[in-house]
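Student: I have a structure here, written as structure tokens, and I will follow up with some questions on it.
The values are calculated or read from the model by the stated rules, or taken from the named source; none is laboratory data. Note that the structure is a prediction, hence the values are computed from the model and not measured. FYI the Cβ positions are ideal-geometry reconstructions off the backbone, even for glycines, and counts take in every protein chain you see.
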């Protein structure tokens with residue numbers, strides 16, 4: 001890719017990203033929001049984390065190649081959940097998740 | 001001005017994100033190196049565009065010869081969830097100066113959104129300065145790791161899937177902390193199902209944004225029905 005094309009792409013990516021990130025906060029911050037909107041904003045964290053986790057663990061390309069491999073992220077996150085509940089620690093959850101994922105992937109590769 | 005205590009608290013809160021960003025930032029930098037992005041530019045992109053998903057998507061799409069408009073559209077759709085994060089923070093920034101609000105909003109990511117939301121809900125003393133510091137520390141970790149990855153290039157062979165699962169685990173931990181009450185369970189279930197369906201029909205690009213929206217709508221409907229049933 002030529003340098004000027006890359007800069008053009010960079011601008012095409014940067015401008016919408018800044019709009020997505022900045023405009024809603026600036027538009028809504030001075031408004032007295034109706035209760036329904038406040039309730040909706042309060043539900044964003046749980047909805048966003050659910051969607052992010054679902055998107056990460058439901059890897060259809062892995063399923064298509066090998067269903068056992070497709071199960072690895074789902075099984076690994078099931079191991080993370082009790083660790084997260086018990087430790088309430090992001091670091092321990094990440095460590096447990098990576099270990100579980102690595103061990104399960106290794107086990108699946110041995111079986112395959 | 002931020003005090004030393006603010007910086008220490010923000011650094012402590014940002015630490016898990018920073019570690020995770022080292023783990024996935026270096027492989028991202030390696031991929032950027034493949035399309036000719038050097039360490040300086042990798043650092044610059046990571047500080048301005050600052051999107052893990054976007055930067056990971058960029059290299060393979062460019063290498064595959066995808067038209068610029070298609071690359072921009074694909075990454076733009078994935079980035080659309082940022083609108084939800086920005087809106088969610090608006091009540092906390094009602095009386096905050098515009099310049100700081102813009103700096104904060106421009107540096108929010110999935111991970112810093114989660115950590116700052118958790119801090120705002122559990123720590124009454126959490127404020128915009130600490131929240132912005134969390135964003136800045138996370139961004140510097142991401143940018144430095146990208147630059148390092150770009151400098152080392154293909155000399156590194158890292159298990160990207162294992163490392164990126166560290167971030168998935170962080171999202172799972174943040175989700176667990178939010179799952180209190182029936183409404184949250186409804187939101188979570190509907191978001192999961194919506195994301196699965198969207199991915200099944202080939203709309204993975206908007207799955208996170210649309211899945212989260214579906215969960216929010218379901219939660220509002222559930223609260224409405226529950227309040228009428230209880231009335």
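Student: Under the condition of being surrounded by fewer than 21 Cβ atoms within 10 Å (Cβ to Cβ) and not in a helix (DSSP H, G or I), which residue from segment B:1-55 is nearest to the chain's Cα centre (by Cα)?
Tutor: The residue in question is B:49.
Student: Quick check: anything in segment B:172-179 more than 12 Å from chain A (Cβ to nearest Cβ), crowded, with 20+ Cβ neighbours inside 10 Å and part of a helix (DSSP H, G or I)?
Tutor: Of all residues in segment B:172-179, those more than 12 Å from chain A (Cβ to nearest Cβ) come to none.
No - not one qualifying residue is present in segment B:172-179.
Student: Next up: Provide a single number: the residues in segment B:180-191 that are at the interface with chain A (Cβ under 7 Å from one of its Cβ atoms) and within 18 Å of residue A:56 (Cα to Cα).
Tutor: 3
Student: Take segment A:21-32 and flag every residue that is at pLDDT below 90 and within 7 Å of another protein chain (Cβ to nearest Cβ).
Tutor: Filtering segment A:21-32 down to residues at pLDDT below 90 leaves A:29-32.
Within segment A:21-32, A:29, A:30 meet the criteria.
Student: Looking at B:74, B:80, B:46, which one is touching a residue at least 40 places away in the same chain (Cβ under 8 Å) and more than 11 Å from every other protein chain (Cβ to nearest Cβ)?
Tutor: Details: B:74 fails: more than 11 Å from every other protein chain (Cβ to nearest Cβ); B:80 fails: more than 11 Å from every other protein chain (Cβ to nearest Cβ).
Result of the check over B:74, B:80, B:46: B:46.
Student: Related question: Inside segment B:4-35, can you point out the residues that are within 16 Å of residue B:128 (Cβ to Cβ) and either in contact (Cβ under 8 Å) with a residue 60 or more places away in the chain or in contact with a helix residue (DSSP H, G or I) (Cβ under 9 Å, 6 or more places away or on another chain) (or both)?
Tutor: Step one: list which residues in segment B:4-35 are within 16 Å of residue B:128 (Cβ to Cβ), which gives B:5-7, B:9-10, B:13-14.
Passing the criteria: B:6, B:7, B:9, B:10, B:13, B:14.
Student: Yes or no: segment A:84-93 includes at least one residue that is at pLDDT 90 or above and surrounded by fewer than 16 Cβ atoms within 10 Å (Cβ to Cβ).
Tutor: yes
Student: Would you check which residues across segment B:141-170 are at pLDDT 85 or above and either buried (at least 20 other Cβ atoms within 10 Å of the Cβ) or facing chain A (nearest Cβ under 9 Å) (or both) and list them? Quick ask: steps written out before the conclusion?
Tutor: Restricting attention to segment B:141-170, the residues satisfying the condition of being at pLDDT 85 or above are B:141-152, B:165, B:168-169.
Passing the criteria: B:141, B:142, B:143, B:144, B:145, B:146, B:147, B:149, B:150, B:165, B:168, B:169.
Yes or no, residue by residue, for (1) more than 27 Å from residue B:55 (Cα to Cα); (2) without any contact (Cβ under 8 Å) to a residue 40 or more places away in the chain; (3) facing chain B (nearest Cβ under 7 Å):
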position: A:11; (1), (2), (3): no, yes, no
position: A:19; (1), (2), (3): no, yes, no
position: A:34; (1), (2), (3): yes, yes, no
position: A:45; (1), (2), (3): no, yes, yes
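Student: Now a separate question. In segment B:86-109, how many are more than 7 Å from every other protein chain (Cβ to nearest Cβ) and touching a residue at least 24 places away in the same chain (Cβ under 8 Å)?
Tutor: Counting residues in segment B:86-109 that are more than 7 Å from every other protein chain (Cβ to nearest Cβ) and touching a residue at least 24 places away in the same chain (Cβ under 8 Å) gives 7.
Student: Next up: Inside segment A:47-83, can you point out the residues that are closer than 19 Å to residue B:79 by Cβ and without any contact (Cβ under 8 Å) to a residue 12 or more places away in the chain? If you could, list the steps in order and put the result at the bottom.
Tutor: Step one: filter segment A:47-83 for residues closer than 19 Å to residue B:79 by Cβ, giving A:47-56.
Answer for segment A:47-83, where residues must be closer than 19 Å to residue B:79 by Cβ and without any contact (Cβ under 8 Å) to a residue 12 or more places away in the chain: A:47, A:48, A:49, A:50, A:51, A:52, A:54, A:55.
Student: Further question: Do you know which of the residues in segment B:97-140 that are outside any helix (DSSP H, G or I) and under 21 Å from residue A:17 (Cβ atoms) is modelled with the lowest pLDDT? Explain how you work it out, then say what you get.
Tutor: Taking segment B:97-140 first, the residues outside any helix (DSSP H, G or I) are B:97, B:107-109, B:123-127.
Checking which are under 21 Å from residue A:17 (Cβ atoms) leaves us with B:107-109.
On the way: B:107: 96, B:108: 96, B:109: 93.
Across segment B:97-140, the extreme among qualifying residues is B:109.
Student: Identify all residues within segment A:51-85 that are under 21 Å from residue B:175 (Cα atoms) and more than 7 Å from every other protein chain (Cβ to nearest Cβ); write none if there are none.
Tutor: Hits for segment A:51-85 are A:59, A:71, A:72, A:74, A:75, A:78, A:79, A:82, A:83.
Student: Got a number for residues in segment B:201-222 being more than 7 Å from chain A (Cβ to nearest Cβ) and either part of a helix (DSSP H, G or I) or in contact with a helix residue (DSSP H, G or I) (Cβ under 6 Å, 6 or more places away or on another chain) (or both)?
Tutor: Of segment B:201-222, the ones more than 7 Å from chain A (Cβ to nearest Cβ) are B:201-206, B:209-210, B:213-214, B:217-218, B:221-222.
Then keep just the ones that are either part of a helix (DSSP H, G or I) or in contact with a helix residue (DSSP H, G or I) (Cβ under 6 Å, 6 or more places away or on another chain) (or both); that gives B:204-206, B:209-210, B:213-214, B:217-218, B:221-222.
Total satisfying the criteria: 11.
Student: Which residue, of B:215, B:230, B:202, B:219, is at pLDDT 85 or above, farther than 25 Å from residue B:23 by Cβ and surrounded by fewer than 19 Cβ atoms within 10 Å (Cβ to Cβ)?
Tutor: Going through B:215, B:230, B:202, B:219 in turn, just one is at pLDDT 85 or above, farther than 25 Å from residue B:23 by Cβ and surrounded by fewer than 19 Cβ atoms within 10 Å (Cβ to Cβ): B:202.
Student: Tell me, please, whether a residue that is more than 30 Å from residue B:94 (Cβ to Cβ), outside any helix (DSSP H, G or I), at pLDDT below 85 and more than 8 Å from every other protein chain (Cβ to nearest Cβ) can be found in segment A:100-112.
Tutor: Initially, segment A:100-112 is screened for residues more than 30 Å from residue B:94 (Cβ to Cβ), giving A:100-112.
Filter again for outside any helix (DSSP H, G or I), leaving A:112.
Now narrow it down to the ones that are at pLDDT below 85: A:112.
Filter once more, so that each one left must be more than 8 Å from every other protein chain (Cβ to nearest Cβ): A:112.
Yes, there is a match, as at least one residue in segment A:100-112 is more than 30 Å from residue B:94 (Cβ to Cβ), outside any helix (DSSP H, G or I), at pLDDT below 85 and more than 8 Å from every other protein chain (Cβ to nearest Cβ).
Student: Only one of B:190, B:115, B:134 is on the phi < 0 side of the Ramachandran plot and free of Cβ contacts under 8 Å to residues at least 40 places away in the same chain; which? It would help to see each step written out before you state the result.
Tutor: Values: B:115 fails: free of Cβ contacts under 8 Å to residues at least 40 places away in the same chain; B:134 fails: free of Cβ contacts under 8 Å to residues at least 40 places away in the same chain.
One residue alone meets the criteria, B:190.
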